[in-house]
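The values are calculated or read from the model by the stated rules, or taken from the named source; none is laboratory data. Model, not experiment: these values are computed from the prediction. A quick note on method: Cβ atoms are made from the backbone with ideal geometry, for glycine too, and the neighbour counts reach across all protein chains shown. We work out accessible area using only protein heavy atoms, side chains counted, and drop any ligands, DNA or RNA first. Shrake-Rupley method; radii C 1.70, N 1.55, O 1.52, S 1.80 Å.
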Amino acid sequence: MFLLAVMAMMTLAVQADEEEFVVTSGDFKVVMQPGKIGRVEVDFTKAKVGNLSTMEITDQSFIDYLEANDQKVFKKWSEYQEEGEETFMDRWNDAKKKVIKLTKKGTPDYIIKINATRLDPGNSGAATWSWNKRDGGIIISGTLEVLDAAGNSVCKMNINRYRGFSTRGLDIKIPTFHRRTVLFHKSLAKDLLEFLFDD
């Protein structure tokens with residue numbers, strides 16, 4: 001028991017020291033151009049599923065996980081993915097920051113590409129009973145890259161075990177994976193803007 005407690009404490013310490021967003025190339029001030037337009041593309045399909053708290057990652061892909069565990073979401077995943085991206089854009093555009101406007105209309109000046117490489121689907125029990133609105137939420141590790149209109153990489157960052165929202169405050173309904181996915185996009189847009197403007 002003592003050994004398990006020590007291991008759990010070490011895991012928490014590593015997570016506490018790990019930065020969620022780490023810029024690896026370029027300058028993200030490129031998104032601070034009001035008047036320019038952009039588009040966001042979020043891709044979970046190549047992510048390997050596992051427990052990102054313990055770093056136990058399986059060889060199972062996200063799509064295979066959905067097919068085996070949540071047929072309802074699996075059958076409508078393209079719709080839910082689009083809903084998530086729209087949620088990201090709405091939260092980004094509502095922030096009233098001096099940034100590019102995200103839209104699906106017109107030819108974008110920039111594309112924000114978010115690729116998940118590892119994904120923890122979260123936990124409905126934790127999301128339902130915890131007071132913390134992030135407990136039980138989806139966790140991803142991956143990359144975020146901004147491309148210009150010609151498809152050239154302008155800047156890039158790593159995303160390290162980022163945990164999204166799982167519930168809307170006092171809403172006591174048990175969150176489905178679909179719902180947690182949409183809330184993940186909302187929280188990611190909010191936290192990215194805070195990171196970029198605090199940097």
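Taking segment 87-108 as the search range and keeping residues that are in contact with a strand residue (DSSP E or B) (Cβ under 9 Å, 6 or more places away or on another chain) and part of a helix (DSSP H, G or I), which one is farthest from Asp148 (Cα to Cα)? Ranking the candidates gives Asp90 first.
When segment 20-48 is filtered for residues that are closer than 26 Å to Gln81 by Cα and of a type in the set (D, E, K, R), the ones remaining, listed by number, are Glu20, Lys36, Arg39, Glu41, Asp43, Lys46, Lys48.
With respect to (1) modelled with pLDDT of 90 or more; (2) part of a strand (DSSP E or B), the lone exception for Ile57 is condition (1).
Of the set (1) part of a strand (DSSP E or B); (2) at pLDDT below 80, all apply to Trp131 but (1). Annotation for segment 37-44: at least one member residue is touching a Ser or Thr at 6+ places or on another chain (Cβ under 7 Å), surrounded by 14 or more Cβ atoms within 10 Å (Cβ to Cβ) and either at pLDDT below 90 or more than 22 Å from Phe184 (Cβ to Cβ) (or both). One residue stands out in segment 50-100 among those that are of a type in the set (Val, Ile, Thr) and within 23 Å of Asp191 (Cα to Cα): the one that is most open to solvent (accessible area, probe 1.4 Å), namely Thr87.
Per the listing Ser141, Ser78, the residue uniquely modelled with pLDDT of 85 or more and either within 23 Å of Glu18 (Cβ to Cβ) or outside any helix (DSSP H, G or I) (or both) is Ser141.
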